[in-house]
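**Q** For reference, the structure I am asking about is given below.
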Amino acid sequence: MSKIGKLTQAIKILKKKPHLINQIIDHDSVYYDLVNSKYGLKNGLPVIAFQELVKESKLSEYLFLDGGSLITDLLLLQSLAKEIDNCNYFEIGTWRGESCSTVAPFTNKCFTFNLSNDRIAQLGYDQSYLDQIELLSKNNPAIKHLKGDSLNFDFKELDIVPNLVFIDGDHHYEAVKSDSAKIFDWINPEKATIVWHDYGNSPEKPRWSVLAGILDGIPPEEHQYLYQVGNTKCAIYSRKDYLSKIQNWPQSPLIKFEIELKIKPLI
């Protein structure tokens, strides 16, 4: 089919299903163009080697199910929490509670924030989905569960000023931009670390809509402190000095992992 024929067919489809225009507008290639033209980051953020941030570690709970973080993502959060004196942890996006459960033993305060179950049900999710929320964290007294919408919630009213933040909520551009701006306005940037999940579709390929939201959400002068952490899907903000470099795709691996698997029943 010719390009004109494809265009004609596309117009017919959009007339029948006008909501599909949102998929075109929100397509990741649009955000790649934005990030490249506005910020010159055609390969994404500079990358810090995983082993610079994470040493030998242990993860006691992991589910290997949809919507969760990579093992390396969780080990990154755990290692950061261990290194921060009086770690006050706050996250946006609870899901099954893997991330907050991973860091809770190493925190002074541990807060996780999520949409209410009623709001999630309004979005079309059924009871089987709702039953999965907080699966690992709901019975942990060290974790405080909060409900609300991050777009209009006033975080500054909470009894915490976090020095470690994990942003893993709505990954659409506008939501990432809003969450990033609100969190940055709340923390002390000289002392706090922010981690964004799903900065990458994989450890090697950025998710451009998320990166665009991060860059547009925090002040331009702070972009110099943004990195990706190698072997994870995470971006990080930190004013600590790290060695980093721009990575091309595909990456040439410099480390490998030894994994010992133990299966435990979920009780």
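Each value in this text was obtained by applying a stated rule to the coordinates, not by laboratory testing. Please read all numbers here as calculations on a predicted model, not as lab measurements. With ideal geometry, Cβ positions are generated from the backbone for all residues, glycine too; neighbour counts draw on all protein chains shown.
**Q** Residue by residue through the stretch 203-215, which ³J(HN,Hα) values in whole Hz follow from phi under the Karplus form 6.51 cos²θ - 1.76 cosθ + 1.60 (θ = phi - 60°), with glycine and proline marked x?
**A** Result, rounded to whole Hz: x, 10, 10, x, 9, 5, 5, 5, 4, 4, x, 5, 5.
**Q** What's the angle, to the nearest 10 degrees (0 to 90), between helix 3-16's Cα axis and the longest principal axis of the chain?
**A** Helix 3-16 and the main axis of the chain meet at about 70 degrees.
**Q** Separate question: Using DSSP to define loop residues, name the chymotrypsin sites (Phe, Trp or Tyr not before Pro) in the stretch 161-267 whose beta-carbon has at most 14 other beta-carbon atoms within 10 Å. Let's see the in-between values first.
**A** On the way: sites: Phe166, Tyr173, Phe184, Trp186, Trp196, Tyr199, Trp208, Tyr225, Tyr227, Tyr237, Tyr242, Phe257; in loops: Tyr199, Tyr242, Phe257.
Hits after loop and neighbour filter: Phe257.
**Q** Where does helix 28-39 land angle-wise versus the long Cα axis of the chain, in degrees 0 to 90, nearest 10?
**A** Compared with the principal axis, the helix lies near 80 degrees.
**Q** Can you work out the PRE-style zone for Glu83? Point 7 Å along Cα to Cβ, and I want the residues of the stretch 38-67 with backbone N under 17 Å.
**A** 46-58
**Q** Go through the stretch 115-122 residue by residue and turn each phi into a ³J(HN,Hα) via Karplus (6.51, -1.76, 1.60, θ = phi - 60°); whole Hz please, and just put x for glycine and proline.
**A** Calculated HN-Hα couplings, in order: 4, 5, 4, 5, 5, 5, 5, 4 Hz.
**Q** What is the spin-label model distance, in nm, from Phe64 to Lys42 if the labels are put 7 Å beyond Cα along the C-beta direction?
**A** In this crude spin-label approximation the distance works out to 4.0 nm.
**Q** Still on this structure: List the residues, sorted by chain then number, that are 5 or more residues from Cys87 or on another chain and whose placed amide H is less than 5 Å from its amide H.
**A** For Cys87, the qualifying residues are Asn108.
**Q** Given R₀ = 35 Å, what would the calculated FRET efficiency be for Val161 paired with Glu260, taking r from the Cβ atoms and rounding to 0.05? Could the numbers behind the result be given before it?
**A** Details: r = 38 Å, r/R0 = 1.08.
The calculated FRET efficiency here is 0.40.
**Q** Each label point is 7 Å from the Cα along the Cα-to-Cβ direction; what then is the distance between the points at Ala121 and Ile71, in nm?
**A** The modelled label-to-label distance comes out at 3.8 nm.
**Q** Right, here's the next one. Taking amide H atoms as placed 1.01 Å from N in the peptide plane, list the residues 5 or more away in sequence, or in a different chain, whose amide H sits under 5 Å from that of Lys147.
**A** Asn114
**Q** Tell me the net charge near Lys147. Cut-off is 13 Å between Cβ atoms, Lys147 excluded, with +1 for each Lys or Arg and -1 for each Asp or Glu. Provide the component values of the computation, followed by the final result.
**A** Working: positive: Arg119, Lys138, Lys144; negative: Asp118, Glu134, Asp149.
Spelling it out: positives minus negatives among the neighbours equals 0.
**Q** With a cap of 14 neighbouring Cβ atoms within 10 Å, and only residues DSSP puts in a loop, list the trypsin sites (Lys or Arg not before Pro) found in the stretch 29-87. Could the numbers behind the result be given before it?
**A** Working: sites: Lys38, Lys42, Lys55, Lys58, Lys82; in loops: Lys42, Lys55, Lys58.
Those satisfying the criteria are Lys42, Lys55, Lys58.
**Q** Local charge sum around Gln132 (other residues, Cβ-Cβ under 12 Å, Lys/Arg +1, Asp/Glu -1)? Present the calculation step by step, with values, prior to reporting the outcome.
**A** Values: positive: Arg96, Lys138; negative: Asp66, Glu98, Asp126, Asp131, Glu134.
That sum, taken over residues with Cβ under 12 Å, equals -3.
**Q** Excluding the sites themselves, what is the longest stretch of the chain that contains no GluC sites (Glu not before Pro) in a DSSP loop with at most 12 other C-beta atoms within 10 Å?
**A** Details: sites that count: Glu56, Glu190, Glu258, Glu260.
My reading of the result: 57-189 is the longest stretch.
**Q** Go through Lys109/Lys147; Lys58/Lys144; Lys42/Lys256; Lys42/Lys205 and tell me which ones have a Cα-Cα distance over 19 Å in this structure.
**A** Numbers: Lys109/Lys147 17 Å; Lys58/Lys144 23 Å; Lys42/Lys256 27 Å; Lys42/Lys205 11 Å.
In this structure, Lys58/Lys144; Lys42/Lys256 exceed 19 Å between Cα atoms.
**Q** Something else: From the phi of every residue in the stretch 237-243, what ³J(HN,Hα) in whole Hz does the Karplus formula 6.51 cos²θ - 1.76 cosθ + 1.60 yield, where θ is phi - 60° and glycine or proline is x?
**A** These are the phi-based 3J(HN,Hα) values: 10, 7, 8, 5, 7, 10, 6 Hz.
**Q** Return a whole-number percent for the relative contact order of the chain, with Cα pairs under 8 Å and 6 or more residues apart as the contact set. Walk me through the numbers before you get to the answer.
**A** Values: 398 pairs, mean separation 58.4, N = 267.
For the chain, the relative contact order is 22 percent.
**Q** When a/c reaches 1.5 or more, the comparison of a/b and b/c decides; with that in mind, is the stretch 171-242 rounded, prolate or oblate per its Cα gyration tensor?
**A** Working: a/c = 1.97, a/b = 1.17, b/c = 1.68.
It comes out oblate by the Cα gyration axes.
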